[in-house]
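See below for the structure under consideration.
The values are calculated or read from the model by the stated rules, or taken from the named source; none is laboratory data. In this text the structure is predicted, and so the values were computed from the model without any measurement. Virtual Cβ from ideal backbone geometry, glycine too; neighbours counted across all protein chains shown. We work out accessible area using only protein heavy atoms, side chains counted, and drop any ligands, DNA or RNA first. Shrake-Rupley method; radii C 1.70, N 1.55, O 1.52, S 1.80 Å.
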Amino acid sequence: MSPPLLKLGAVLSTMAMISNWMSQTLPSLVGLNTTRLSTPDTLTQISPKEGWQVYSSAQDPDGRCICTVVAPEQNLCSRDAKNRQLRQLLEKVQNMSQSIEVLNLRTQRDFQYVLKMETQMKGLKAKFRQIEDDRKTLMTKHFQELKEKMDELLPLIPVLEQYKTDAKLITQFKEEIRNLSAVLTGIQEEIGAYDYEELHQRVLSLETRLRDCMKKLTCGKLMKITGPITVKTSGTRFGAWMTDPLASEKNNRVWYMDSYTNNKIVREYKSMADFVSGAESRTYNLPFKWAGTNHVVYNGSLYFNKYQSNIIIKYSFDMGRVLAQRSLEYAGFHNVYPYTWGGFSDIDLMADEIGLWAVYATNQNAGNIVISQLNQDTLEVMKSWSTGYPKRSAGESFMICGTLYVTNSHLTGAKVYYSYSTKTSTYEYTDIPFHNQYFHISMLDYNARDRALYAWNNGHQVLFNVTLFHIIKTEDDT
């Protein structure tokens, strides 16, 4: 086949494939075959009622604060979604319309070329018939060459007819897209551009109110424990590490107390990053050895149980000296009423959103847990609650919002099994599992600032996230 014919064949083949693709694919792309447009009458009305149920969790593995909100069914974003889908569809139609316009210009140009070729082919056919009538005057060789060229051109005639049909189809597509674009534009105008902006402002207002609400949010009921996140691996099987829940946002000091006895050295780190890298900023040599691992740092001071006694010590890190000490009346000590793992864990000091607490057991309460709220300055007991849960059957315990949560073991399979509310003086049995990754927990304390549980897990310092359930009443609630 000669080069001009090859070029013509390539052009026609390409245009045939393009038109075939357009006829099969374009309707589905723009939604002409199956898409039905929703009318504005189906938009959901926004209810003015506002009342929230909020789940909040301490932080994710990257250290970000987590707050999950469960709101009444209002479908606030239904219009937003439909408006966004409409805009995207309109943009797609406009882009397709531009592509069709470019393709149409190319088609018209090539179509003129094809028509010209068709005229030439018809003229050639007529000439061939004339020559065939007078072929006796021509040489046999020239006649054969001319006949072969004609045979090559004959298959292009059906292609030309198909090309005319495809060109009409492209024109129809162009008209349908123009009509669809007009319909979408009309619907968008009926929905209204200002409606989207108004909805956007309502969402921003809601976010602002929710942030203000979360700032006031302090207490809730424990619903779930997730993790742990392993921060560091160091020390013996038993120990304690902590941060100050009342420290400022810029103060992220970490304190580290290895072992449960025969030690007086407290190591301080300026930040969690320094703690992980082992860059100590200071060490404190306490005047007394501590007992157990249930110490707490609260408002710049360390509270711990003096070894072989039921005396509580308050030690100021800034002053480097003891500020107060007091005997916890009737409290068992030195493995009389420890947690299940032993380790002189008779007296557990802890803090939550409400204040400073001591958890212990007495003979007067038959070895069951006693909860006492302490004055942070004088260590005086302000009020006590006697529970019916045996101290020796508890793996660990911690306070959240004035409620004591008790685990049933310190080993694998441990879960929060019992809770006692000091607000209502009532208890309930719970079933909140958590992952005891390293099989042995010797310290588990809640930090109200971080909304997390600090744990010493068999020589690993780990963090557990907690999910608390809150009910927030608004002015509209009765």
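For SER248, the accessible area of its heavy atoms, probed at 1.4 Å with every protein chain present, is near 70 square angstrom. In the stretch 355-478, the alpha-carbon atoms span a convex hull of 150 Å³ per residue.
Structure shown: which of LYS264/LYS391; LYS250/LYS423; LYS224/LYS289; LYS250/LYS314; LYS270/LYS314 lie over 28 Å apart, alpha-carbon to alpha-carbon? Over 28 Å Cα-Cα: LYS250/LYS423; LYS224/LYS289.
Between the stretch 271-289 and the stretch 315-338, what is the C-alpha centre distance in whole Å? Between the Cα centre of the stretch 271-289 and that of the stretch 315-338, the gap is 21 Å. Shown here for the stretch 281-355: trypsin sites (Lys or Arg not before Pro) in loop regions (DSSP other than H, G, I, E, B) with at most 12 other Cβ atoms within 10 Å, of which there are none. Largest first and in whole Å, the equivalent-ellipsoid semi-axes of the stretch 292-352 read 21, 12, 9, each the square root of five times a Cα gyration tensor eigenvalue.
Can you send over the carbon and sulfur percentage of the accessible area for the stretch 221-469, probe radius 1.4 Å, protein chains only? Carbon-and-sulfur percentage of accessible area, whole number: 48. If you take the Cα centroid of the stretch 426-464 and the Cα centroid of the stretch 361-391, the two points sit 21 Å apart. Per residue, the stretch 339-478 exposes 37 Å² of accessible surface when a 1.4 Å probe is rolled over the protein heavy atoms with every protein chain present.
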